[in-house]
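The values are calculated or read from the model by the stated rules, or taken from the named source; none is laboratory data. This is a predicted model, so every value here is computed, not measured. Don't worry about glycine lacking a Cβ; one is built from the backbone with ideal geometry, like all the others, and counts go over all protein chains shown. Heads up: the accessible areas ignore ligands, DNA and RNA and are worked out on the full protein's heavy atoms, side chains in. Shrake-Rupley method; radii C 1.70, N 1.55, O 1.52, S 1.80 Å.
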Amino acid sequence: MHQPARWGLGAAGAGVAVILGLELTSFDEMDPFRRTISQHGLGPGGWIFGLGVGLLAVGSVAIGVSLARKRLAGVFGMIALMGWSVGLLMTAWFEKHDWSVGPSLSGSIHRVGSFVAFLCLPLAVMIIARPWRRERSRATLVAFVFGICSVLWVAGIGTMMIVGAAEGLPWYRVMPLGLVERGLAISEVAALLALGVWAAAGDHSLPSGAGGGPVAAANLTAPHV
């Protein structure tokens, strides 16, 4: 396995496990249909949520490094993937704000970071795991499918925002925001992990017959005595 991809999968998996643990332990205290995942960042245990999101961001960077070193991701795909990572770090560092009491700088940065992350990851996956590229596998197909699902989630959120504006309602009131955000997050994290599995599976950068395989061995000739 490619070492950065292995580290990235480990860090991302640990981050997901931390956030999932928060979800399960607070199921009776927080409505998952209305409250967003970032709600875990409020309160004295908010650092645990920040740790989980930070691990996911660091794991994403490591997966991106592996994809870049193996020439599986171009410039635009890497920019989008790093945008996802930076957005995650912004949401981890800056706490969510209670908008019912007015805006705040931290809450505004947190919101921008979440928008950047949720928009950049589907774009990165669509570019990197496009099925018509020469280097592809089952992992790229899985990533691309979850990327499509993420795009549909984002399109649904955009549609609800338009409907809310037309009806004069806050956009987060016209849909079960917590449920929608969790569906989007599951799709995007699944796409990311699929990219990580693809980056970790073998050395795609080597041409056929390179690296001491059977084809390379067949091209060797006996030395002259």
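Leu24 to Val75: extension gain in nm, 0.36 nm per residue of separation minus the Cα-Cα distance?
14.5 nm
Exposed loop sites here are chymotrypsin sites (Phe, Trp or Tyr not before Pro) in DSSP loop states with at most 14 other C-beta atoms within 10 Å. What is the longest stretch of the chain lacking them?
Formally, the longest exposed-site-free interval is 34-131.
What does the accessible area per residue of the chain come to in Å², with a 1.4 Å probe and no ligands, DNA or RNA counted?
Ligands and nucleic acids excluded, the figure is 55 Å² per residue.
Along the Cα→Cβ direction, 7 angstrom out, place labels at Ser137 and Leu42. What is the inter-label distance in nm?
The two pseudo-label positions are separated by 4.3 nm.
Could you tell me the relative contact order of the chain? Use alpha-carbon pairs under 8 Å, at least six residues apart, and round to a whole percent.
Rounded, it is 25 percent for the chain.
With only Lys, Arg, Asp and Glu charged, each at its Cβ (+1 for the first two, -1 for the last two), find how big the charge dipole of the chain is about the Cα centre; round to the nearest 20 debye.
So the dipole magnitude of the chain works out to roughly 800 debye.
Can you tell me the relative contact order of the range 106-152? Whole percent, Cα pairs under 8 Å, sequence separation 6 or more.
37
Ignoring everything except DSSP H segments at least 4 long, calculate the 222 nm mean residue ellipticity for the chain; use -39,500 (n - 2.57) per segment, divide by total residues, nearest 500. Before the final figure, lay out the partial values.
Numbers: 7 runs with 149 residues, N = 225.
Theoretical 222 nm ellipticity from helices: -23000 deg cm²/dmol.
Which whole-Hz couplings ³J(HN,Hα) result when phi for each residue of the range 124-136 is put into the Karplus expression 6.51 cos²θ - 1.76 cosθ + 1.60, θ = phi - 60°, listed in order with x for Gly and Pro?
Listing the rounded values in order: 4, 5, 4, 6, 6, 9, 3, x, 8, 6, 6, 8, 8 Hz.
Can you run phi through the Karplus equation (6.51, -1.76, 1.60; θ = phi - 60°) for the range 66-78 and list ³J(HN,Hα) in whole Hz, with x for Gly and Pro?
After applying 6.51 cos²θ - 1.76 cosθ + 1.60, I find 4, 4, 5, 5, 8, 6, 9, 10, x, 5, 5, x, 5 Hz.
Using 0.36 nm times the number of residues separating Trp171 and Arg34, minus their current alpha carbon distance, what extension gain do you get?
48.1 nm
Please work out which option in [x] 0.98; [y] 1.00; [z] 1.09 gives Rg/Rh (Cα atoms, Kirkwood Rh) calculated from these coordinates, and answer with its label.
It is the value labelled [z].
As an exercise, identify the trypsin sites (Lys or Arg not before Pro) in the range 28-126 lying in DSSP coil whose Cβ has no more than 10 other Cβ atoms within 10 Å. Before the final figure, lay out each step's value.
Values: sites: Arg34, Arg35, Arg69, Lys70, Arg71, Lys96, Arg111; in loops: Arg34, Arg35, Lys70, Arg71, Lys96.
Here the sparse-neighbourhood loop sites are Arg71.
Take every Cα pair under 8 Å in the range 1-127 that's 6+ residues apart, average their separations, divide by the length, and report that relative contact order as a whole percent.
This gives 27 percent for the range 1-127.
Would you mind telling me the share, in percent, of accessible area of the range 12-132 contributed by carbon and sulfur at probe 1.4 angstrom?
72
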